[in-house]
Amino acid sequence: MEAARGESSMMNVFHPSLRVQAEDRTQAFALLPVPSFSMMSLSAAIEPLRSLNRLSARQAYSWRLVSPEGGEVEASNGIAVKTVSYGEALEGADHLLVCGGPPVDASYERAYLKVLRYAAHKGIPLGSLSTGTYLLARAGLLDGYRCTIHWENRTAFQEDFPDIECTNNLYEIDRDRMTCSGGTAAMDLMLHLIAARHGEELACAVANQFHHERIRGDGAEQRGGRMEFVERMPERLRTAVGIMRSNIEDPVPLPAIAQRSGTSSRQLERLFMRHTGLTPHRYYMQMRLERARELLIYSDRPIIDIAVQTGFASTSYFATCYRRVFGVKPSEARVRSTLQG
C-alpha cells in the first residue's frame, strides 16, 4: 500500500495536468486474436491504454480478449492468452480489433468471420492489427473503405481485393473502420486515439513511458523491404528503381529505364554496382522474385499465375530463378510457409 500511495503521489507531482476528466466514461476495447497472432501487435495496442489509465489515475479504458468459443489462443511466439466467448463480451464494446498473424486455417476462418459480422451488425466500430485486415475484407466489411496492412502482405492483399483501397500507411482511420500495419504502428494508432480524446499532452506522456520518441501520424508510410534503403539513393537511381517497381509484370528493358532516368546504360550500371552491389539486371530480377515470394506465402494463387504476374514467361524459368535466389523451389516455399503458419 505504501508503494502504491508513493507512486500515485509522484504521478500527481510530475503530471498535475494529465488527469482525465471524471465525467469521461470508460471506453471498452475488445480484441480478437487469431491463432498464431502477433504478440507484438497485441501488446502495442493494449499497453498505451494501460499506461493512460495509470497516468490519469482512473480507468479511462478497459480491454478484453475474445474468441469465437473462448479458451486459450496461442500467439506465434508460443505464448497462450486467455479469451472469453464473444457473445456477452461484445455487449458495451466501443471497438473490436482483430489481431492477425499467418493466414487463418479454413476450418477456423468461418468462425472468426461470424464474430466480425456479428459485431458489425451490432454497430460496433471495427479495426485490425497487422494481417487482421484480411479477415475484415473477407467478411465484406471493408467494401468502400480505405485500409492498410503490413507491407509484406500488401501485394497479395491487393491481388485478392483489387476493389479495396489499401495504402502503404502505418494506419488508416476511415469512419468506423481503423486498420493498422502491425508491430509498433499499433502503438501509434492508439496514441492517435488517446490524443483525439484526451489531448496531445497526455498522448505524449504515454508515448514517453515507452521511449516512443515521436507519435507517427496516419499519413506516415511504412518503410519495410527496400524502401528505407532506396530513399538514401541518388535521385537518378531512385527513379530507375521506381520504374522497376511499377513494372513488375511487364519488365521494362534496361536501356529504356536508363533513358527515362536521365542517364546512360553504362552510367546506370555503375550507379547500381556502387550503391547496391548488384547489376541493374540482377537487382530487377530480385525485386520481381521478392514480389513472387510475397504472393506465394500470402496468397493462394496458382504458381503459374504468380510467374506471369512477376514477368516470367514460363514456370520452369521462374522456378529456376527462384531456387537460385532463395534456395528452394516455389512449390517448396509455399509448403514451408503453410507448415510454419
Lone unmet requirement of (1) touching a strand residue (DSSP E or B) at 6+ places or on another chain (Cβ under 7 Å); (2) free of Cβ contacts under 8 Å to residues at least 60 places away in the same chain for residue 50: (1)
Condition first: without any contact (Cβ under 8 Å) to a residue 24 or more places away in the chain and among the charged types (D, E, K, R). Now tell me which residues in region 96-123 satisfy that. 110
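In region 176-191, what residues are on the phi > 0 side of the Ramachandran plot and buried (at least 24 other Cβ atoms within 10 Å of the Cβ)?
Start the filter on region 176-191 by keeping residues that are on the phi > 0 side of the Ramachandran plot, which leaves 182-183.
Answer for region 176-191, where residues must be on the phi > 0 side of the Ramachandran plot and buried (at least 24 other Cβ atoms within 10 Å of the Cβ): just 182.
Restricting attention to region 268-315, report how many residues are in a helix (DSSP H, G or I) and either exposed (fewer than 14 other Cβ atoms within 10 Å of the Cβ) or of a type outside the set (S, T, N, Q) (or both).
Applying the first criterion (in a helix (DSSP H, G or I)) to region 268-315 yields 268-276, 280-298, 303-309, 315.
Next, from what is left, pick out any that are either exposed (fewer than 14 other Cβ atoms within 10 Å of the Cβ) or of a type outside the set (S, T, N, Q) (or both): 268-275, 280-285, 287-298, 303-308.
Qualifying residue count, region 268-315: 32.
Quick grid of which residues meet (1) without any contact (Cβ under 8 Å) to a residue 12 or more places away in the chain; (2) touching a Pro at 6+ places or on another chain (Cβ under 7 Å):
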| site | (1), (2) |
| --- | --- |
| 269 | yes, yes |
| 274 | yes, no |
| 277 | yes, no |
| 280 | no, no |
| 285 | no, no |
| 296 | no, yes |
| 301 | no, no |
| 311 | no, yes |
| 314 | yes, no |
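Among 78, 92, which is the only one that is in the same structural domain as residue 27 (by TED's automatic domain parsing) and without any contact (Cβ under 8 Å) to a residue 24 or more places away in the chain?
On the way: 92 fails: without any contact (Cβ under 8 Å) to a residue 24 or more places away in the chain.
Just a single option satisfies the conditions, and that option is 78.
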I'm trying to understand the selection: among the residues of region 64-104, which are more than 21 Å from the chain's Cα centre (by Cα) and crowded, with 18+ Cβ neighbours inside 10 Å? 68, 83, 86, 89, 90, 93
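Quickly run through region 307-322 and pick out the residues that are of a type outside the set (S, T, N, Q) and modelled with pLDDT of 90 or more.
From region 307-322, those of a type outside the set (S, T, N, Q) are 307-308, 311-313, 317-319, 321-322; that's our starting set.
Correct list: 307, 308, 311, 312, 317, 318, 319, 321, 322.
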Please find, among 164, 173, the residue that is of a type in the set (A, V, I, L, M), farther than 20 Å from residue 29 by Cβ and either modelled with pLDDT of 90 or more or surrounded by 22 or more Cβ atoms within 10 Å (Cβ to Cβ) (or both). 164
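Would you call residue 51 assigned to a strand (DSSP E or B), in the same structural domain as residue 134 (by TED's automatic domain parsing) and either β-branched (Val, Ile, Thr) or under 24 Å from residue 212 (Cα atoms) (or both)?
Details: assigned to a strand (DSSP E or B): no; in the same structural domain as residue 134 (by TED's automatic domain parsing): yes; either β-branched (Val, Ile, Thr) or under 24 Å from residue 212 (Cα atoms) (or both): yes.
Against the criterion (assigned to a strand (DSSP E or B), in the same structural domain as residue 134 (by TED's automatic domain parsing) and either β-branched (Val, Ile, Thr) or under 24 Å from residue 212 (Cα atoms) (or both)), residue 51 does not qualify.
Out of everything in region 249-267 that is in a loop (DSSP other than H, G, I, E, B), out of contact with any Phe, Trp or Tyr (no Cβ under 9 Å at 6 or more places or on another chain) and not charged (D, E, K, R), what residue ends up being farthest from residue 235 (Cα to Cα)? Walk me through it before giving the result.
To start, the set of residues in region 249-267 that are in a loop (DSSP other than H, G, I, E, B) comprises 249-253, 261-264.
Still in the list and also out of contact with any Phe, Trp or Tyr (no Cβ under 9 Å at 6 or more places or on another chain): 249-250, 253, 261-264.
Cutting the leftovers down to not charged (D, E, K, R) gives us 253, 261-264.
On the way: 253: 20, 261: 9, 262: 10, 263: 11, 264: 14 Å.
Across region 249-267, the extreme among qualifying residues is 253.
What are the residues in region 53-69 that are small (Gly, Ala, Ser) and more than 15 Å from residue 193 (Cβ to Cβ), if any? If you could, list the steps in order and put the result at the bottom.
From region 53-69, those small (Gly, Ala, Ser) are 56-57, 60, 62, 67; that's our starting set.
57, 67, listed by residue number.
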I'd like the residue in region 276-304 that is at pLDDT 90 or above and charged (D, E, K, R) and, out of all such residues, is nearest to the chain's Cα centre (by Cα). 288
Residue pairs, Cβ under 6 Å, 6 or more apart or interchain, first in region 316-328 and without any contact (Cβ under 8 Å) to a residue 60 or more places away in the chain, second crowded, with 18+ Cβ neighbours inside 10 Å and in a helix (DSSP H, G or I). List them. 318/307; 319/330; 322/289; 322/330; 325/289
I'd like to know if region 150-161 contains one or more residues that are part of a loop (DSSP other than H, G, I, E, B) and of a type in the set (Asp, Glu). no
Please tell me if residue 126 is buried (at least 16 other Cβ atoms within 10 Å of the Cβ), more than 16 Å from the chain's Cα centre (by Cα) and within 16 Å of residue 180 (Cα to Cα). no
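The values are calculated or read from the model by the stated rules, or taken from the named source; none is laboratory data. Bear in mind that the values here come from a model prediction, so they are computed numbers and not experimental data. Cβ sites come from the backbone with ideal geometry, for glycine too, and all protein chains shown count toward neighbours.
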